[in-house]
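Read through the structure below, which is laid out as structure tokens, and then see the notes.
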Amino acid sequence: MLRVSPTTPEPAVIAEAAAVLARGGLVAFPTETVYGLGARGLHESDVGLIFSAKGRPKGHPLILHVDGEAMARTLASTWPERASLLANAFWPGPLTMVVARAPHVPDVVSGGLDTVGVRAPQHPVALALIRAVGEPLAAPSANAHTHVSPTTAAHVVRSLGDRVELVLDAGPCAHGIESTVVDMTGNPPRVLRAGATSLEALRGVVPDVTYDAITMTGDAARASPGLASKHYAPRTRVVLADQGPKFSADLVKIAANATRVGVVVWSAEARSVTGATVALVMRAVLPGDPEGYARGIFAALHEADEASLDVLVLERVPDAPAWWAVADRLRRAAEK
Ligand code: TXA
Ligand code: MG
């Protein structure tokens, strides 16, 4: 593990990481969403290492990380006009676009699909690394398959251990939740995964972008295999409880037959529930705004797994568009 400045990455650290990648190794690096497990994306055997390190089944497509639209276009056989509009508005940033795949993109990257996911990350360390290597980096979230995505370098080490040669540690990720994935190959473009770029923001640029939260576990999960529910599940049993004034009563009911109980709360009412109501082994208090909440939720799920809980009780979040990505992750965490 190497410390690196999140704002002005030290050239020597980037050079060392780039050298590991250039000889075919794996480097976990920070992005503004979550930590990624990187390899050179156009080298089939390098990409293969990602699958074995994560225990990820082949057939789950990976995102190629680029330094901007020009590099992204080299990976696409056709580049829709609307992709340029979205790239101009949101890159570098937490948006992944699925486009028709150029022939030289290895099959293993796209899981045999005729498309490829591309994203220009905003994190200075990620961008510096892509530029130093000079080619796209394949990078899924740097966690073992089905584990919760890592938002700190310590999460990466706990999940992958020595299966990754080098971990760059730039502190916690700014967004804490993965990028929004949009399928640009159809008309209208369709959200495949809710994420750190909001639907409202996308529609501000391409008004007809569709998102169907209901089919996300059905059709879209097949279109985007990484959306299988278990993907975002901690090992701990998770139950969602009512928000606000009803939280306390719901907690008592859910915790009735459990001894090691944890909670994740955000509302004033749920924050005021103390260990006197139910003995708590873990209590995470997250901000009551969607961005602040997203930044902390994965760390809370990792903490729950560390604490060997019988049950983690998550206070439901508001049913409002701004909470879309968080609500999606909570639903998946609670589905088993
Ligand atoms: O924020 C992020 O996107 C992070 C950071 C590291 O960039 N990466 C990430 O990668 O979350 P991963 O592999 O854990 O999730 C990628 C998602 C999956 O849901 C996958 O199915 C979808 O993107 N995806 C990738 N390529 C695709 C394609 N060609 N067609 C459909 N879905 C695709
Ligand atoms: Mg992942």
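Nothing in this text is a laboratory measurement; each read-out follows from the coordinates by a stated rule. The structure presented is a predicted model; accordingly, all values stated were derived computationally and were not measured. Every residue, glycine as well, gets a Cβ built from its backbone with ideal geometry; the counts of neighbours run over all protein chains shown.
Between His104 and Ala307, the simple spin-label model (points 7 angstrom out along Cα→Cβ) gives 5.1 nm. Footprinting exposure proxy ranking of Asp310, Asp162, fewest other C-beta atoms within 10 angstrom first, gives Asp162, Asp310.
Relative contact order, whole percent, for the chain stands at 19, derived from Cα pairs under 8 Å and 6 or more residues apart. Between Arg131 and Ala213, the contour length at 0.36 nm per residue exceeds the Cα-Cα span by 25.9 nm. Enumerate the helices in the chain for which the Kyte-Doolittle hydropathy averages -0.5 or more and the C-alpha atoms extend at least 20 Å along the helix's axis, using complete DSSP H runs. Helices meeting the criterion: 290-306.
When you count, for each residue, the other Cβ atoms within 10 Å and take the mean per peptide, how do 319-327, 267-275 rank with the highest first?
Numbers: 319-327: 16.9, 267-275: 15.1.
Result, highest mean first: 319-327, 267-275.
The slack in the chain from Glu10 to Ser45, taken as 0.36 nm per residue of separation less the alpha-carbon distance, amounts to 9.7 nm.
Taking a ≥ b ≥ c as the square roots of the eigenvalues of the alpha-carbon gyration tensor, segment 92-207 is classed prolate because a/c is 1.5 or more and a/b outweighs b/c. Legend: Rg and Dmax of the chain, from Cα coordinates, 19.7, 62 Å. Global dimensions of segment 136-178 from alpha-carbon coordinates: Rg and Dmax equal 10.1, 26 Å.
Segment 130-197 and segment 256-287 have their alpha-carbon centroids 30 Å apart.
When a/c reaches 1.5 or more, the comparison of a/b and b/c decides; with that in mind, is segment 1-107 rounded, prolate or oblate per its Cα gyration tensor? It would help to have the intermediate numbers written out before the result.
Numbers: a/c = 1.91, a/b = 1.22, b/c = 1.56.
The shape class here is oblate.
Mean residue ellipticity, 222 nm, helices only, the chain: the sum of -39500 (n - 2.57) across DSSP H runs of n ≥ 4, divided by residue count and rounded to 500, is -9000 deg cm²/dmol.
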